[in-house]
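Input: a single structure, listed below in structure tokens.
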Amino acid sequence: MTGTGDEKHYGHGPEQVGEPRPKKAWPEKQKGPVLVRRDQVGESTTDQRLLDTTGPTDWLHTDPWRVLRITSEFVEGFGALAELPPAVSVFGSARTPVDSPEYAAGVAIGRALAEAGYAVITGGGPGAMEAANRGASDAGGLSVGLGIELPFEQGLNEFVDLGLNFRYFFVRKTMFVKYAQGFVVLPGGLGTLDELFEALTLVQTKKVTRFPVILFGSAYWGGLVDWLRNTLVAQGKAAPHDLELFHVTDEIDEVMKILAEARRPVNEI
């Protein structure tokens, strides 16, 4: 500080301590921990709006209220899934035809997982998701569907034993990862790719540990793997060892072996 030593400054202004502050020329209100000034100050109080049954309902659609709705989705999801046995999430296209080899593979994978004691978690929709739920249900395992609110109604498939519908993708994604010991990814579209790369990012950044990601169907996934190796890694956008974050296979026995190895304690491997 410069000067004679008799001046004291605070904040970012030149005012001296002891000088009278100019009187505020704007309205101000404290709303709980929130301070509002000028045109942000309303004429009504929170209690008044709460008790006014004839008032507007816009408050139902504001972001602070959405936080409570988001919280409720987490609470419902955690409560419903907390007692699941060891589980595996299976992803794949909702457009997979029932009479396709991919659907048959989904049924076989769901059955194998259930017979090994895993609950099977899918997005709850048709196609590959239905196939995995169907296989788990046929084998007497726990078949779980985590649906999502979409512009086009899809609904949970008939083979889901325990189902939840979510409004928010990020809440649903948390449930897929939190309650699964690995991902099995059947051929799918943008939603499947979204879940796949989210899982790979979580493993790469060590947000989750010992979490196998298995791509089932080498003919389908081969082009993507080639691009990752020959473009992404080759141009330095990812490290060569990032290709070890996932497995590609056409064999259900290998899927089960990979999951079993990941399930064992580190000191037993």
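The values are calculated or read from the model by the stated rules, or taken from the named source; none is laboratory data. This is a predicted model, so every value here is computed, not measured. Note: ideal-geometry Cβ built from the backbone for every residue, glycine included; neighbour counts use all protein chains shown. The protein model used for the area step is the full one, side chains on, heavy atoms only, and it has no ligands, DNA or RNA in it. Shrake-Rupley method; radii C 1.70, N 1.55, O 1.52, S 1.80 Å.
So residue 234 passes all but one of these: (1) free of Cβ contacts under 8 Å to residues at least 12 places away in the same chain; (2) of a type in the set (A, V, I, L, M, F, W, C); (3) within 19 Å of residue 187 (Cβ to Cβ). Which condition number does it fail?
So residue 234 meets the others, but not (3).
Output the residues belonging to region 132-145 that are touching a residue at least 40 places away in the same chain (Cβ under 8 Å) and either closer than 12 Å to residue 186 by Cβ or open to solvent by less than 20 Å² (accessible area, probe 1.4 Å) (or both).
Once the filter is applied, which keeps residues that are touching a residue at least 40 places away in the same chain (Cβ under 8 Å) and either closer than 12 Å to residue 186 by Cβ or open to solvent by less than 20 Å² (accessible area, probe 1.4 Å) (or both), region 132-145 yields 132, 144.
Please go through region 64-94 and give me each residue that is hydroxyl-bearing (Ser, Thr, Tyr) and without any contact (Cβ under 8 Å) to a residue 40 or more places away in the chain, ordered by number.
Scanning region 64-94 gives 71, 72.
Residue under question is residue 262, and the condition is that it be outside any loop (DSSP other than H, G, I, E, B) and open to solvent by less than 50 Å² (accessible area, probe 1.4 Å); does it hold? Spell out how you get there, then give the answer.
Working: outside any loop (DSSP other than H, G, I, E, B): yes; open to solvent by less than 50 Å² (accessible area, probe 1.4 Å): yes.
Considered against the rule, which asks whether it is outside any loop (DSSP other than H, G, I, E, B) and open to solvent by less than 50 Å² (accessible area, probe 1.4 Å), residue 262 comes out as yes.
Residue-by-condition table, conditions (1) in contact (Cβ under 8 Å) with a residue 60 or more places away in the chain; (2) in contact with a Phe, Trp or Tyr (Cβ under 7 Å, 6 or more places away or on another chain):
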site: 187; (1), (2): yes, yes
site: 200; (1), (2): no, yes
site: 207; (1), (2): no, no
site: 229; (1), (2): no, no
site: 251; (1), (2): no, no
site: 263; (1), (2): yes, no
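Take residue 67 and decide whether it is assigned to a helix (DSSP H, G or I) and β-branched (Val, Ile, Thr).
For residue 67, the condition - assigned to a helix (DSSP H, G or I) and β-branched (Val, Ile, Thr) - is met.
All but one of (1) assigned to a loop (DSSP other than H, G, I, E, B); (2) closer than 14 Å to residue 88 by Cα hold for residue 208, so report the exception by its number.
With respect to (1) assigned to a loop (DSSP other than H, G, I, E, B); (2) closer than 14 Å to residue 88 by Cα, residue 208 is out only on (2).
Could you tell me whether region 231-248 includes any residue that is assigned to a helix (DSSP H, G or I), within 22 Å of residue 126 (Cα to Cα) and open to solvent by less than 50 Å² (accessible area, probe 1.4 Å)?
no
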